Amino acid sequence: VINCPAFFLSHRLNIALAAQKSGFEVHIATGPGLSIEQIVDNGLTHHKLPLSRSGMNLISEFRALYSIYRLFIKLQPQLVHLVTIKPVLYGGIAARLTGVQSVVAAVSGLGFNFAAKGLKSALVSYLISKMYRIALGKQSLKVVFQNSNDCKTLSKVADLRPDKVIIIEGSGVDLSEYTRTPLPKGLPIVVMAARLLRDKGIYEFVEAAKLLKNRGVKAQFWLAGDRDEGNPASVDISELEVWRKNKNVELLGHREDIPHVFSQANIVVLPSYYREGLPKVLIEAAACGRAVVTTDMPGCRDAIDPEVSGILVPPRDTGTLADAIQRLLLDPKLCEQMGKSARQL
């Protein structure tokens, strides 16, 4: 059970196919999306759920929980693998109610609410914490974390015993597909690849590009990724049009060929202030031998070796972000050495 079919394809498809090859009958349940057809084309049975990734309407959320409950009653699965926040919460509760034998809950980041400030976020965090305690209360259950910070936080929140948790550092990448190439010659390229969400640090990247160009720093700035329809944190289309006209960044849109994009780049940037698990894009950048500038946030900081394979900056700090990018642009030897260390990491 996973909220987004595209996320399943990019992060979990190989696990499902390997399970199927091992003799399991594998079913995939996701929210709506254009990638469902591709899941079926891979020979997997798909079930569509009324799951919205960011919605907070109580009636809609209860419908989502009830749909998972009904699916578990229908299929009587021996094991369920729950990935991302809502499937872990709703699927965990449904698994307890329907007597599912075993559960694997994959926590790929704790999301915005655990990082946000304010009364509303504190209330939502409190309610989610109570739900986690119920969802992860099953005896035959393993919770997979991608970084130690998330493991420590949620273990406390949900009262998880040490034998129930395991840390697997990210989804990984195939090193035969992501190869290290020499840094390109000519005008250097700085690329950010992410869904176009505010909490991924999109605005900070665009502002840093503008600041560096005003300083006279010679570089191209690429933004690879698409809007996430239905997500309230998505960048507005009108803002994208303004960025196109200003030409401080070049908008590449959604790209499937990330190894090729990174091979053309000198530096990869992810200024996220979201509670990431272990961002796959940073693993991809490291595998391609590229130095990284990212934020000192859980997940992001776990994906690099600070000052060895990349540079950490405070979240939501455009000036420091620009300084870090400029430091690497003005020191190609450091950029190359960090890229080598990144590949080794």
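Summary of values
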{"quantity": "Tally, over region 160-185, of residues that are assigned to a loop (DSSP other than H, G, I, E, B) and more than 21 Å from Val80 (Cβ to Cβ)", "calculated": "16"}
{"quantity": "Residue that is over 28 Å from Asp257 (Cα atoms) and exposed (fewer than 15 other Cβ atoms within 10 Å of the Cβ), where the choices are Asp159, Asp150", "calculated": "Asp159"}
{"quantity": "Members of region 88-107 that are more than 25 Å from Gly23 (Cα to Cα) and either assigned to a loop (DSSP other than H, G, I, E, B) or among the basic types (Lys, Arg) (or both)", "calculated": "Arg96"}
{"quantity": "Residue ID - nearest to Leu240 (Cα to Cα), chosen from residues in region 202-224 that are open to solvent by less than 20 Å² (accessible area, probe 1.4 Å) and touching a strand residue (DSSP E or B) at 6+ places or on another chain (Cβ under 7 Å)", "calculated": "Leu223"}
{"quantity": "Region 311-335 residues that are touching a residue at least 40 places away in the same chain (Cβ under 8 Å) and of a type outside the set (A, V, I, L, M, F, W, C), paired with ones that are open to solvent by 50 Å² or more (accessible area, probe 1.4 Å) and not in a strand (DSSP E or B) (beta carbon under 8 Å, 6 or more apart)", "calculated": "Pro315/Asp296; Thr318/Glu207; Thr318/Leu211; Gly319/Leu211; Gln326/Arg215"}
{"quantity": "Every residue from region 8-19 that is in contact (Cβ under 8 Å) with a residue 60 or more places away in the chain and out of contact with any Lys or Arg (no Cβ under 9 Å at 6 or more places or on another chain)", "calculated": "Phe8, Arg12, Ile15"}
{"quantity": "Selection within region 89-113 - open to solvent by less than 30 Å² (accessible area, probe 1.4 Å), closer than 17 Å to Gln139 by Cβ and among the hydrophobic types (A, V, I, L, M, F, W, C)", "calculated": "Ile93, Ala94, Ala95, Val100, Val103, Ala105"}
{"quantity": "Every pair of residues 6+ apart whose Cβ atoms lie under 7 Å, when the first sits in region 145-167 and is within 14 Å of Gly92 (Cβ to Cβ) while the second is open to solvent by less than 50 Å² (accessible area, probe 1.4 Å) and part of a loop (DSSP other than H, G, I, E, B)", "calculated": "Leu154/Leu110; Leu154/Leu160; Ala158/Leu136; Leu160/Leu136"}
{"quantity": "Any chance Glu177 is in contact with a Leu (Cβ under 9 Å, 6 or more places away or on another chain), on the phi < 0 side of the Ramachandran plot and either among the hydroxyl-bearing types (Ser, Thr, Tyr) or open to solvent by 30 Å² or more (accessible area, probe 1.4 Å) (or both)", "calculated": "no"}
{"quantity": "Selection count where residues are open to solvent by 20 Å² or more (accessible area, probe 1.4 Å), in contact (Cβ under 8 Å) with a residue 12 or more places away in the chain and either among the aliphatic types (A, V, I, L, M) or in a loop (DSSP other than H, G, I, E, B) (or both), scope region 234-252", "calculated": "3"}
{"quantity": "Members of region 14-36 that are modelled with pLDDT under 95 and farther than 17 Å from Tyr90 by Cα", "calculated": "Asn14, Ile15, Gly33, Leu34, Ser35"}
{"quantity": "Matching option when the condition is open to solvent by 60 Å² or more (accessible area, probe 1.4 Å) and either assigned to a loop (DSSP other than H, G, I, E, B) or touching a strand residue (DSSP E or B) at 6+ places or on another chain (Cβ under 9 Å) (or both), among Arg255, Arg227", "calculated": "Arg255"}
{"quantity": "Scope region 38-60; condition over 24 Å from Asp174 (Cα atoms), open to solvent by 60 Å² or more (accessible area, probe 1.4 Å) and free of Cβ contacts under 8 Å to residues at least 60 places away in the same chain; matching residues", "calculated": "Thr45, Lys48, Asn57, Leu58, Ile59"}
{"quantity": "Those residues of region 282-316 which are of a type in the set (A, V, I, L, M) and in contact with a Phe, Trp or Tyr (Cβ under 9 Å, 6 or more places away or on another chain), in sequence order", "calculated": "Ile283, Ala285, Ala286, Ala287, Met297"}
{"quantity": "Odd one out for Gly277 among (1) open to solvent by 10 Å² or more (accessible area, probe 1.4 Å); (2) modelled with pLDDT under 95", "calculated": "(1)"}
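The values are calculated or read from the model by the stated rules, or taken from the named source; none is laboratory data. Just so it is clear, the structure is predicted and the values come from calculations on it, not from any experiment. Reconstructed Cβ throughout: ideal geometry from the backbone, glycine too, with neighbour counts over all protein chains shown. When the accessible area is computed, the model is the full protein with side chains, heavy atoms only, and any ligands, DNA or RNA have been set aside. Shrake-Rupley method; radii C 1.70, N 1.55, O 1.52, S 1.80 Å.
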